[in-house]
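Notes for the one structure printed next.
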Amino acid sequence: VGAGPCRADRRRRIDVIGIHAERVATDDRAVRWVVPAGSLTAGRVRRAPGRFGGMLDQGVFSDALVEHTAVWLWLRDGLSWAQQGPAVQSALREALADPDAWAVEPAPGEVLEHVTADLLAGPVGDFVRSHGGSVTARPVGGDAVAFQLGGACEHCPAAGHTLRLRLLEELRRRCPDLVEVDSGPGGLTLTLGS
């Protein structure tokens, strides 16, 4: 009596946690598991509960990172997502049901760098490239990333508009604690707030 939810109720809660895998264009060993926004604190995963925690401890993953809307996982060499994917998805879904049992170390620079690389390899970069331009991102000061437009976009009067409406909008969707550190013609420096 009053001992908490029964196993069937807990299983129903776990089953409703919607997650799905997205390919990371820049790294075949990595998968970005999209999870409900704000499920975990952003940063480097140090500990997790249940079977997923066991996978971490056994070295199934070479790295694990959390952004606001996803858990990034890198399989160790010799393993494939075709074989490991279903078990990882199930274990991750169970672990997400207990967010307080996770230990996530802040790593704002790493999170921002990975999200940025993903966006530049995908839709944001595609838009800039479709106009004959390029966009570079480089880490500055440890936790910040500086963006600069180049190519046909370098001296374009719409360069700031492109950075703000394309890049910044997408980054804010995935990293809502984004902070603008500096901006100039065709350039922008961002970091993640705490």
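Data for the structure
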| item | result |
| --- | --- |
| Pair list, Cβ < 8 Å and 6+ apart or interchain, from segment 21-48 residues that are under 16 Å from L112 (Cβ atoms) to residues that are open to solvent by less than 20 Å² (accessible area, probe 1.4 Å) and basic (K, R) | V24/R32 |
| Spans of helices (runs of 4 or more DSSP H) in segment 89-163 with at least 1 residues of a type outside the set (S, T, Y), within 16 Å of the chain's Cα centre (by Cα) and modelled with pLDDT of 85 or more | 108-121 |
| Filtered residue count, segment 142-172, keeping only those that are under 28 Å from G38 (Cα atoms) and without any contact (Cβ under 8 Å) to a residue 40 or more places away in the chain | 8 |
| Some residue of segment 103-116 being buried (at least 18 other Cβ atoms within 10 Å of the Cβ) and farther than 19 Å from L192 by Cβ | no |
| Identity of the residue in segment 40-75, among the acidic types (D, E) and within 18 Å of the chain's Cα centre (by Cα), that ends up most open to solvent (accessible area, probe 1.4 Å) | D63 |
| Single residue of segment 123-149 satisfying the filter (open to solvent by less than 40 Å² (accessible area, probe 1.4 Å) and touching a Gly at 6+ places or on another chain (Cβ under 6 Å)) that is farthest from T189 (Cα to Cα) | G133 |
| Matching residues in segment 164-178 - criterion: being open to solvent by 40 Å² or more (accessible area, probe 1.4 Å) and modelled with pLDDT of 85 or more | E169, E170, R172, R173, P176, D177 |
| Residue match in segment 81-91 (condition: open to solvent by 50 Å² or more (accessible area, probe 1.4 Å) and under 30 Å from L188 (Cβ atoms)) | no |
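The values are calculated or read from the model by the stated rules, or taken from the named source; none is laboratory data. Being a predicted model, the structure only gives us computed values, none of them experimental. Positions of Cβ are generated from backbone atoms using ideal geometry, with glycine treated the same way; all protein chains shown enter the neighbour counts. For the accessible areas, the whole protein counts, side chains as well, though only heavy atoms, and no ligand, DNA or RNA atoms are used. Shrake-Rupley method; radii C 1.70, N 1.55, O 1.52, S 1.80 Å.
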